[in-house]
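The values are calculated or read from the model by the stated rules, or taken from the named source; none is laboratory data. This one's a predicted model, so the numbers in the text were calculated from it and none came from an experiment. Here the Cβ positions follow ideal geometry from the backbone for every residue, glycine too, while neighbour counts run over all protein chains shown. These area figures cover heavy atoms from the full protein model, side chains too; ligands, DNA and RNA do not enter into them. Shrake-Rupley method; radii C 1.70, N 1.55, O 1.52, S 1.80 Å.
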Amino acid sequence: MLEELKRKVCTANLDLVKHGVVLFTWGNVSARDPETGLVVIKPSGVAYEVMQPDDMVVVDMDGNIVEGRLRPSTDLPTHLELYKADARIGGVVHTHSTYASAWAQAGRAIPFYGTTHADYFHGEIPCTRSLTAEEVAEAYEKNTGTVIRETFTEGGYDWIGTPGVLVRNHGVFSWGKDAAEAVYHAVVMEAVAKMAVETERINPAVTPAPDYLLEKHYQRKHGKNAYYGQK
């Protein structure tokens, strides 16, 4: 079942290691099949060096296992909340990449300081509030997804224009049209987070770059009249 999607999800998980945004088993990737609505996700706690496509777990949107001999990632409920938030999301990634997670632990959004950021994120990369003790005790992983959705609703962020978020005291979630794009955005988030740290180290009084520069760089790549790359 969904053998090609399992292969893609397995490859995407391995790409997190290849790009240096995951150590040990500190991350996971999932993807949603547009035809069936089923989700394929990495199994919980399986080492990347031994992971195979057949290890991937197929679940429905309620988190029930449809196929698989292993338990799905413990972050599955968060992934499902993100899929429910916007039908355009086809892949989700979670990492604890160093620089982006440092911003999450500091409880700070990543400001727009330069054009690399603007090429992929239409504004700051937001950081959620902390979960309450009750939210952690009740349904921690589901409520992690709930607080992400709350952040986007209250902040007026667009799920496609802002394809990632920092979960306060925790780490990174990113998404895209498929698993590969979600990984791409996770890698970009780490690079942008590192640039922002170094920017503030060099100039502690730095302020965000101007909005007109943000618009130019984002729209030339993603706007209706985008002209970056080839037709």
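Within the stretch 66-91, residues that are closer than 18 Å to Tyr140 by Cβ have Cβ atoms under 7 Å from residues that are part of a loop (DSSP other than H, G, I, E, B) and of a type in the set (Ser, Thr, Tyr) in these pairs: Arg71/Ser44; Pro72/Ser44; Ser73/Ser44; Thr74/Ser44, counting only partners at least 6 apart in sequence or on another chain.
Could you run through the stretch 28-59 and say how many residues are in a strand (DSSP E or B) and touching a Leu at 6+ places or on another chain (Cβ under 8 Å)? Spell out how you get there, then give the answer.
To start, the set of residues in the stretch 28-59 that are in a strand (DSSP E or B) comprises 28-32, 39-41, 43, 57-59.
From what's left, touching a Leu at 6+ places or on another chain (Cβ under 8 Å): 29-32, 39-41, 43, 57-59.
The number of residues fulfilling the criteria is 11.
Quick check on the stretch 187-231: of everything there that is out of contact with any Lys or Arg (no Cβ under 7 Å at 6 or more places or on another chain), assigned to a loop (DSSP other than H, G, I, E, B) and at pLDDT below 95, which residue is surrounded by the most Cβ atoms within 10 Å (Cβ to Cβ)? Going through the qualifying residues, I end up with Gly223. Assess whether Gly68 counts as being open to solvent by less than 50 Å² (accessible area, probe 1.4 Å), over 21 Å from the mean Cα position of the chain (by Cα), at pLDDT 95 or above and more than 16 Å from Val93 (Cα to Cα). It is true that Gly68 is open to solvent by less than 50 Å² (accessible area, probe 1.4 Å), over 21 Å from the mean Cα position of the chain (by Cα), at pLDDT 95 or above and more than 16 Å from Val93 (Cα to Cα).
Scanning the stretch 125-158 for residues that are of a type in the set (A, V, I, L, M) and surrounded by fewer than 18 Cβ atoms within 10 Å (Cβ to Cβ), which turns out farthest from Val92 (Cα to Cα)?
The extreme case among them is Ala133.
Considering only the stretch 38-53, how many residues are open to solvent by 20 Å² or more (accessible area, probe 1.4 Å), free of Cβ contacts under 8 Å to residues at least 40 places away in the same chain and not acidic (Asp, Glu)? Spell out how you get there, then give the answer.
Residues of the stretch 38-53 that are open to solvent by 20 Å² or more (accessible area, probe 1.4 Å), as a first pass: 38, 44-47, 49-50, 52-53.
From what is left, the residues that are free of Cβ contacts under 8 Å to residues at least 40 places away in the same chain are 38, 44-47, 49-50.
After this cut, where a residue has to be not acidic (Asp, Glu) as well, the list is 38, 44-47, 50.
Residues that pass the stated criteria total 6.
Evaluation of Phe121 against the conditions (1) among the aromatic types (Phe, Trp, Tyr); (2) touching a Leu at 6+ places or on another chain (Cβ under 8 Å); (3) crowded, with 21+ Cβ neighbours inside 10 Å shows that the sole unmet condition is (2).
For Tyr184, the stated conditions hold: it is surrounded by 20 or more Cβ atoms within 10 Å (Cβ to Cβ) and without any contact (Cβ under 8 Å) to a residue 24 or more places away in the chain. In this structure, Thr25 qualifies as in a loop (DSSP other than H, G, I, E, B) and of a type in the set (Ser, Thr, Tyr). Restricting Glu35, Glu49 to residues that are of a type in the set (Asp, Glu) and within 24 Å of Val188 (Cα to Cα) narrows the list to Glu49. Note on the stretch 71-90: among residues that are of a type outside the set (A, V, I, L, M, F, W, C) and in contact with a helix residue (DSSP H, G or I) (Cβ under 7 Å, 6 or more places away or on another chain), the one that is surrounded by the most Cβ atoms within 10 Å (Cβ to Cβ) is Thr78.
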